[in-house]
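*Asks:* Mind having a look at this structure? Questions to follow.
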Amino acid sequence: MSRVGKHFVPPLVWLGLLLAACHPTGAETITDLDTVATTHDATFDFAAPTTYSRPNQIPLISGDPTTSPPEFLDAQLTAVVFSTLDNEMTALGYTKVDIGATPDLVITAGALKVTNVTYYYGYWCGYWAYYYPCYPYYPPVAGVSAYTQGTLILDMAPFAATPPANQILGVWTAVIRGIQSGSRSTDQARIVNGISQAFIQSPYLGKP
Amino acid sequence: MSKHPTPIRLAALLVVLLAPIARAEIPPTLVGLSYQFSIPIGNTYNYTPPVSWRGVGLDVATFIRRDLAVGLAFGWNVFFENTTSTLNFRGTDVTGNQDRALNVWPTLVNARWFPKISSNRDIQPYISANVGGYIIERYLAIGTTASQETHFHFGLAPEIGVFIQNPVGAVFINARYNMAFASGGVPFQQFLSFSLGYAWER
C-alpha cells in the first residue's frame, strides 16, 4: 500500500468533527421546561396506610423561613392543586380525613416564589407547625436539592404525633416545575398534568 | 567455482525477490481512519435508544506475524436522545423534556488474526479481540438543569472485519461489540458499532 492514503486524513477528520459537532437545540416553548421529579422510600409499604390528611393552604416559599405569616398561593390555583391531589389519592384507595382523626399519612404542599432554595426542608417545620407537630423533616432521598421559581413541592410522611427520634422521615416527594408561567389557564393545565404525572410515575403508591 | 551450492543461492535469491512482495501484502504498520455508526444495547439503549450515526475511529496496527497484528483502537461515538419519558436518575424518577447524550471514547489495545483464506490476500477477513477502557461522558439536561459526569470504564470488545486491498491502500469494514463495565454509578454499557474506513501503510 502506498502513502497516497494520507490524503484521506483531512476530509475524514473534518467529517468526524462535523458529525460530532451536531448538537440538539434547546427548549422551544415554556412547557418544554416542565419537569416532574419523584422520589420515595423504597422500604415503606404504601399499601398499608388507608387515610391521609393535608392542609388547605399552600405557602409560598420566599427565601426567609421566619416570615410569619407566610404568603400563600392564590385560592384558585390552590383549589386546582388540592382537587387534583385528592382525585389521585382517592383513585389509589386512600381516604381523606381531618388531621384530628389521626391519619396514616400527611401530605404537605409548598410553592417556590424564589429560585435556588437549596434548604427548602428548613421551611417544612415552620410553615406547617400550625397544622402538624413541629419536628425536623427529612425527605426520603436527597435526590433533588435545588428548585426553580414556580415549582410545586408535595411531601408525604407517615403521621406520628410524637415521631421516633423527634424527626419526621418523608416517604414520598414530588417536585413539579412549571406552575407560574403568568397565564392562569396554562398554569392550571400544567398543575393538573404535573400532579397526575407524579402519580403515574409512582406506581408503588396505592393499595393493590 | 562458487563457494555456495546452487540451492542456497536460489534460496537467497528467492528471499531477496519475495521480501518486497511479502511487505506489500502485509505491511508492517497500518493506520486506519473510519466512520462508525452504532446500535445501542441494554442500558445504553435504555438511556439513548436511537442508533448513533455519529462516530469516528482511529486504528493503528503492526504485524508481528504474517497472520497476526497488534494495535490500538481509538474512537468517538455519540449517542443522543430527546425524550419526555421517565428516567430514573440516582433514585429519582424524572419526567420532562430531556436531552440525553453519551459521548464514548474507546481506548483499546487489540490483537487481530488474519486467517489465510486464499493465496490472494486482496480480500482479507480478520477476527480481533480488544481490551482496554472506555471514557464515557453521560449528559442529561432537563428543563433548565443539566448534569454531566465522566467515568473510565474497563471494557472488552470482540470484533470481526475485512480488509479489501486496492493499489493505494485498503478499505476496511468491521463490526465490534463494545462492552464497558459499570463504573462510578454508571451501569454496564453495550453497543454494536460498524465501521467503514480506509487504511494505509506508515
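The values are calculated or read from the model by the stated rules, or taken from the named source; none is laboratory data. A quick note: this is a predicted structure, and the numbers were derived from the prediction, not measured. A quick note on method: Cβ atoms are made from the backbone with ideal geometry, for glycine too, and the neighbour counts reach across all protein chains shown.
*Asks:* Within region B:46-59, track down each residue that is free of Cβ contacts under 8 Å to residues at least 40 places away in the same chain and either under 15 Å from residue B:197 (Cβ atoms) or not polar (S, T, N, Q) (or both).
*Replies:* First, the residues of region B:46-59 that are free of Cβ contacts under 8 Å to residues at least 40 places away in the same chain: B:46, B:49-51, B:53-54, B:56, B:58.
B:49, B:50, B:51, B:53, B:54, B:56, B:58, listed by residue number.
A quick yes/no check of all residues on (1) of a type outside the set (Ser, Thr, Tyr); (2) surrounded by 15 or more Cβ atoms within 10 Å (Cβ to Cβ); (3) over 17 Å from residue B:186 (Cβ atoms):
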site: B:68; (1), (2), (3): yes, no, yes
site: B:77; (1), (2), (3): yes, yes, no
site: B:82; (1), (2), (3): yes, yes, yes
site: B:87; (1), (2), (3): yes, yes, no
site: B:95; (1), (2), (3): no, yes, yes
site: B:100; (1), (2), (3): yes, yes, no
site: B:103; (1), (2), (3): yes, yes, no
site: B:109; (1), (2), (3): yes, no, yes
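*Asks:* Next up: Looking at region A:152-190, which of the residues that are surrounded by fewer than 22 Cβ atoms within 10 Å (Cβ to Cβ) and of a type in the set (Val, Ile, Thr) is farthest from residue A:95 (Cα to Cα)?
*Replies:* Filtering first and then ranking leaves A:186.
*Asks:* Mind listing whichever residues of region B:164-202 are among the polar types (S, T, N, Q), within 26 Å of residue B:121 (Cβ to Cβ) and away from every other protein chain (no Cβ under 13 Å)? Can you show your working first?
*Replies:* As a first pass, look at region B:164-202 and keep what is among the polar types (S, T, N, Q): B:165-166, B:174, B:178, B:183, B:189-190, B:193, B:195.
So of that shortlist, the ones also within 26 Å of residue B:121 (Cβ to Cβ) come out as B:165-166, B:174, B:193, B:195.
B:174, B:193 - these are the residues of region B:164-202 that are among the polar types (S, T, N, Q), within 26 Å of residue B:121 (Cβ to Cβ) and away from every other protein chain (no Cβ under 13 Å).
*Asks:* Checking residue A:143 against (1) at pLDDT 90 or above; (2) farther than 21 Å from residue A:59 by Cβ; (3) buried (at least 16 other Cβ atoms within 10 Å of the Cβ), which single condition isn't satisfied?
*Replies:* All conditions are met except number (1).
*Asks:* Scan region A:28-57 residue by residue and report those that are closer than 30 Å to residue B:139 by Cβ, surrounded by fewer than 15 Cβ atoms within 10 Å (Cβ to Cβ) and either modelled with pLDDT of 90 or more or facing chain B (nearest Cβ under 8 Å) (or both).
*Replies:* The one that is closer than 30 Å to residue B:139 by Cβ, surrounded by fewer than 15 Cβ atoms within 10 Å (Cβ to Cβ) and either modelled with pLDDT of 90 or more or facing chain B (nearest Cβ under 8 Å) (or both): A:42.
*Asks:* Turning to a different aspect of this structure: Test each condition in (1) out of contact with any helix residue (DSSP H, G or I) (no Cβ under 7 Å at 6 or more places or on another chain); (2) under 15 Å from residue B:43 (Cβ atoms) for residue B:188 and report the one that comes out false.
*Replies:* (1)
*Asks:* Of the residues that make up region B:151-161, is at least one of a type in the set (Phe, Trp, Tyr), in contact with a His (Cβ under 8 Å, 6 or more places away or on another chain) and surrounded by fewer than 18 Cβ atoms within 10 Å (Cβ to Cβ)? Write out each step before concluding.
*Replies:* First, the residues of region B:151-161 that are of a type in the set (Phe, Trp, Tyr): B:152, B:154.
Those left that are additionally in contact with a His (Cβ under 8 Å, 6 or more places away or on another chain): none.
Scanning region B:151-161 turns up no residue that is of a type in the set (Phe, Trp, Tyr), in contact with a His (Cβ under 8 Å, 6 or more places away or on another chain) and surrounded by fewer than 18 Cβ atoms within 10 Å (Cβ to Cβ).
*Asks:* Separate question: If I filter region B:188-202 down to residues being of a type in the set (A, V, I, L, M) and at pLDDT 95 or above, which single residue comes out as farthest from residue B:49 (Cα to Cα)?
*Replies:* Initially, region B:188-202 is screened for residues of a type in the set (A, V, I, L, M), giving B:192, B:196, B:199.
Then keep just the ones that are at pLDDT 95 or above; that gives B:192, B:196.
Details: B:192: 13, B:196: 22 Å.
Residue satisfying both the conditions and the ranking: B:196.
*Asks:* Can you give me the number of residues within region B:127-181 that are within 20 Å of residue B:52 (Cβ to Cβ), polar (S, T, N, Q), touching an Asp or Glu at 6+ places or on another chain (Cβ under 8 Å) and in contact (Cβ under 8 Å) with a residue 24 or more places away in the chain?
*Replies:* Of the residues in that region, 2 qualify.
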